[in-house]
Amino acid sequence: MKEAYNFEEIEKKWQKIWEEKKVFEVTEDSSKPKFYCLEMYPYPSGRIHMGHVRNYSIGDVIARFKKMKGYNVLHPIGWDALGMPAENAAIKHGIHPKKWTLDNIDYMRSQLKKLGFSYCWSREVNSCLPEYYKWNQWIFLKMFEKGLAYRRMSWVNWCPQCRTVLANEQVIAGRCWRCDSLVTQKKMEQWFLKITAYAEELLSGHEKLSKWPEHVLQMQRNWIGKSVGALVNFEVPALKKSIEVFTTRIDTIYGATFLVLSPEHPLATELIANLPDKEKVQEWIARTIAESRLKREAKDEEKVGYDTGMKAINPFTGELIPVWLANYVLMDYGTGAIMAVPAHDQRDYEFAVKYNLPIRTVIAPESPDVKPEEGKAFESQGILVNSGPFNGLRSKEAMDKMAAYAEEKGFGRKSVTYRLRDWGISRQRYWGTPIPIIYCEKCGVQPVPYDQLPVEIPYEAEFTGEEGSPLEKVPQFVNTTCPKCGGPARRETDTMDTFVDSSWYFFRYCSPYEDRQPFDPKKAKYWMPVDLYIGGVEHAILHLIYSRFFTKYLRDLGFTDVDEPFPHYLAQGMVTKDGAAMSKSRGNVVDPDEMIKTYGADALRVFILFASPPEKEFAWSEEGLEGCFRFILRIWNLFEENADLFNNQAEFSQDKFDEQSYNRLLKKLHQTIKKVTEDIEVRFHLNTAISALMELVNTIKKEKDVLRQSQKGRELLRQTLENLVLLLSPFAPHVAEELWERTGHKTLVAESAWPEYDPELAREELITVVVQVNGKLRDKFEVPLDTDEETLKEKALNLPRIKEILAGRQPKKVVCVKNKLVSLVV
């Protein structure tokens with residue numbers, strides 16, 4: 001009698017066994033190759049969501065596979081546990097942030113265990129515990145000693161809803177990354193980390209990141225924003241001062257007919273001091289500064305400015321040109337001042353037309369066939385005209401000669417600037433790492449001594465949601481003694497941006513109980529870098545740049561010899577439902593707990609990996625989940641039907657060996673092992689790996705009745721079923737363990753070796769696929785018969801000839817005809 005597939009009982013059983021036997025616990029072992037597999041750790045919001053399930057399922061397949069391949073695998077998990085939502089819960093529900101966070105962690109930990117993830121739970125880290133954030137403070141103090149942590153007045157991004165400062169990277173399309181409120185500008189004293197000291201290295205380090213998605217690297221390049229140009233000083237005789245301008249187009253300087261400064265520029269107040277309508281201009285400055293950076297940068301935003309009445313000398317022409325303030329110039333790019341060349345910059349052109357300012361052409365097209373567009377600036381490089389001794393030079397040559405001339409004459413020099421700005425980490429919140437600084441009226445700014453770390457978050461605090469840090473209202477926290485003179489002093493009440501916590505947590509996993517330093521360098525030398533890092537593309541700028549910065553700093557501190565923490569980054573796509581990303585506000589969230597209760601963890605894991613390649617968007621469908629449940633049930637029933645193969649109970653009177661049937665299954669087995677191995681190890685196409693397992697199951701079902709009639713056939717059938725379990729185990733580990741045990745094995749699948757294939761038997765029949773671009777035959781390639789569409793598309797797009805034709809363009813449409821052609825429309 002067949003036994004029913006009781007997934008609830010099976011999954012609980014094996015989760016308990018894995019935990020009791022400490023199957024996934026790990027220590028350093030120089031006799032084995034290491035593999036550090038890491039998914040971005042979650043914020044303990046209360047419940048895991050399908051995005052978590054997808055992220056962690058991908059990582060779990062890779063970690064289990066590598067373990068079976070003989071690697072010493074570190075696969076840890078922890079909690080990004082400080083941040084705003086805990087405070088909001090305290091304000092809304094009267095629950096202390098610490099209790100809210102720890103309760104959520106307990107629940108979410110139980111959810112992750114229900115999914116059977118192969119985590120090394122003994123290395124769990126929690127960033128809200130003093131034993132973790134103590135080391136945030138230690139790293140900050142080391143940066144402070146080196147001048148990489150500093151304090152200054154600054155215009156900051158202010159979220160009125162969260163009532164706190166945001167880093168530039170946390171403002172998305174003019175809105176708060178956390179609550180989506182419109183962001184305003186505010187001037188405050190802030191602590192900064194000097195990430196700009198590593199700007200060039202953050203850019204050049206991309207050469208080592210060949211296993212990152214190109215669009216992620218491009219997002220980082222754009223954010224770092226390297227510009228090569230020149231600094232030029234324009235003297236303002238009336239002030240006896242100079243305005244320093246950065247330009248990438250010094251070749252156009254003879255066409256600079258006015259200067260424009262940002263309203264935030266330090267000279268702005270001085271420049272307008274004698275204006276009759278000074279108060280009106282001051283009001284405009286205040287309004288403009290309060291506007292979001294995004295609004296001011298927008299091309300279609302109306303350009304508004306004021307003439308300061310001051311004149312500056314163009315050092316190349318010697319003429320006096322007016323100095324303006326305008327909304328389209330930002331303080332955090334270059335020097336906050338630009339030389340306006342309206343003939344050759346569209347924004348300057350629009351401004352000059354509006355305010356009737358001179359427009360002088362100084363660059364002519366190289367080709368007489370090119371005619372500048374009427375009513376538009378000619379922004380391309382070309383041949384210099386109306387440029388004195390530099391007439392006739394091409395732009396590139398002129399840039400070098402003019403920068404050298406400026407340097408020779410003492411009013412300029414070649415320069416490189418970056419869009420990247422230092423990281424403002426001050427937050428006016430409670431649930432964050434206290435900044436370890438003390439203020440003494442006598443001694444000034446003093447670092448907290450190392451032996452007084454951690455500066456703990458005080459438990460007693462009021463949560464009102466009013467502006468300012470709740471820590472300001474805790475006298476026993478604020479009032480302290482100066483570590484230098486012993487006199488009365490006060491603590492810094494700002495806390496650190498929570499991205500500090502996640503900028504080095506991957507090092508902490510290497511030695512989570514280390515109590516003398518952030519981590520043990522010897523253990524980090526064994527484990528680092530992370531061999532595969534998995535997480536959402538939304539972290540391409542924030543978390544990934546900060547983590548790279550911290551790693552380079554820790555290297556310079558002598559703690560690691562690693563330059564890049566994540567040489568291989570897999571950006572997984574979003575989980576969507578009804579055409580939109582899952583979110584509570586849209587009411588389209590699917591609860592993983594409910595799905596596990598109905599279908600089991602294995603079915604959920606298989607479905608979330610099967611429906612789409614990891615890097616693509618994943619559309620939720622309960623029908624698809626039901627289909628994956630049925631697939632597991634088919635495998636279960638297949639083993640029930642063939643249980644006798646594993647106890648040598650022959651059921652045939654005479655041996656009827658069918659060689660063709662035997663060869664078909666033998667070949668399919670080895671092809672499947674090869675396909676699944678390469679799909680996991682090389683391509684990360686976990687969806688096509690599962691497809692290959694489904695095909696193998698179909699072949700087994702088709703051939704089993706014939707094969708059961710011979711001893712040799714039965715042996716192959718038994719061997720194929722055993723290999724099926726091994727291949728299935730990274731995806732559906734619970735049912736795999738159960739079937740492994742039921743077939744007489746005394747070991748665990750998780751600790752078994754990954755199956756090997758015979759290359760000769762795995763060789764597939766090859767067919768030629770042609771590639772068309774806009775209907776014309778452009779190339780061809782060979783692939784195995786019945787290759788899936790995703791692989792066909794990938795191979796076609798990576799052909800050198802096709803890459804050359806596309807020249808960086810993305811096809812509008814890709815049509816794949818199985819076993820025949822790939823058609824690209826561009």
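The values are calculated or read from the model by the stated rules, or taken from the named source; none is laboratory data. The model shown is predicted, which means the values in this text are computed figures rather than measured ones. Note that each Cβ is placed from the backbone with ideal geometry, even for glycine, and that neighbours are counted across all protein chains shown. The accessibility values were calculated without ligands, DNA or RNA, using every heavy atom of the protein model including side chains. Shrake-Rupley method; radii C 1.70, N 1.55, O 1.52, S 1.80 Å.
Rolling a 1.4 Å probe over the protein heavy atoms gives the chain an accessible area of 44 Å² per residue.
For E9 and C485, what is the calculated FRET efficiency with R₀ set at 51 Å and r taken between the beta-carbons, to the nearest 0.05? So, using R0 = 51 Å, E works out to roughly 0.15. When only the Cβ of Lys, Arg, Asp and Glu is charged (+1, +1, -1, -1), the dipole of the chain relative to its Cα centre reaches about 840 debye. Atom-type composition of the exposed protein surface of the chain places 49 percent of the accessible area on carbon and sulfur (1.4 angstrom probe). Rounded to the nearest 10 degrees, what's the angle between the helix 622-641 long axis and the longest principal axis of the chain, both from Cα atoms, 0 to 90? That helix lies at roughly 30 degrees to the long axis.
Here the calculated FRET efficiency for K16 and T598, from their Cβ-Cβ distance with R0 = 22 Å, stands at 0.50, rounded to the nearest 0.05.
Quick check on my link table: of K577/K795; K226/K522; K134/K597; K99/K194; K32/K803, which ones sit more than 32 Å apart, alpha carbon to alpha carbon? Before the final figure, lay out each step's value.
Numbers: K577/K795 30 Å; K226/K522 36 Å; K134/K597 40 Å; K99/K194 34 Å; K32/K803 40 Å.
Pairs exceeding the cut-off: K226/K522; K134/K597; K99/K194; K32/K803.
Stretching E283 away from D400 to a fully extended chain increases their span by 38.0 nm, per 0.36 nm per residue minus the current alpha-carbon distance.
Accessible area of K701 (1.4 Å probe, protein heavy atoms only, ligands and nucleic acids ignored): about 70 Å².
Any chance you could check the Cα centroid distance between the stretch 33-111 and the stretch 180-243 for me, in angstrom? That distance is 32 Å. Maximal additional length on extending the I767-K712 stretch stands at 16.6 nm, based on 0.36 nm per residue less the C-alpha distance.
Taking a straight Cα-Cα cut-off under 23 Å and skipping sequence neighbours fewer than 8 places away in the same chain, the lysines within cross-link reach of K311 are K240, K241, K278, K280, K303, K354, K409.
Here r is the Cβ-Cβ distance between K208 and D655 and R0 is 56 Å; the resulting FRET efficiency, rounded to 0.05, is 0.40. Ranking W754, W177 by solvent-accessible area of protein heavy atoms (1.4 Å probe, all protein chains present), from largest to smallest, gives W177, W754.
With the largest listed first and rounded to whole Å, the semi-axes of the equivalent ellipsoid of the stretch 183-334 from the Cα gyration tensor are 32, 21, 14. Each helix, a run of at least 4 DSSP H residues, gives -39500 (n - 2.57); summed and divided by the residues of the chain, these come to -11000 deg cm²/dmol at 222 nm.
In straight-distance terms, cross-link reach from K674 covers every one of the aspartates and glutamates whose alpha-carbon lies under 16 Å from its own, apart from those fewer than eight places away in the same chain; here that gives E695, E722, E756, D758, E760, E764, E765, D786, D788. Simple rule: put +1 on each Lys or Arg Cβ and -1 on each Asp or Glu Cβ in the stretch 1-133, find the dipole, and look at A81, L112, I62; the Cα lying farthest toward the positive end is I62.
Each peptide in 535-546, 363-374 receives the mean, over its residues, of other Cβ atoms within 10 Å, and ordering these scores from highest gives 535-546, 363-374.
Peptides 228-234, 779-785 ranked from most to least packed give 228-234, 779-785, packing being the mean of other C-beta atoms within 10 angstrom over each peptide's residues. When Rg and Dmax are taken over the Cα atoms of the chain, they come to 32.2, 112 Å.
In the stretch 778-826, inverting the average of 1/r over every pair of distinct C-alpha atoms gives 11.1 Å as the Kirkwood radius. The distance linking the stretch 711-748 with the stretch 470-534 is 47 Å (Cα centroid to Cα centroid, whole angstrom). Here's the picture: a label point sits 7 Å out from the Cα of Y439 along the beta-carbon direction, and within the stretch 135-161 the residues with their amide nitrogen under 15 Å of it are 151-154.
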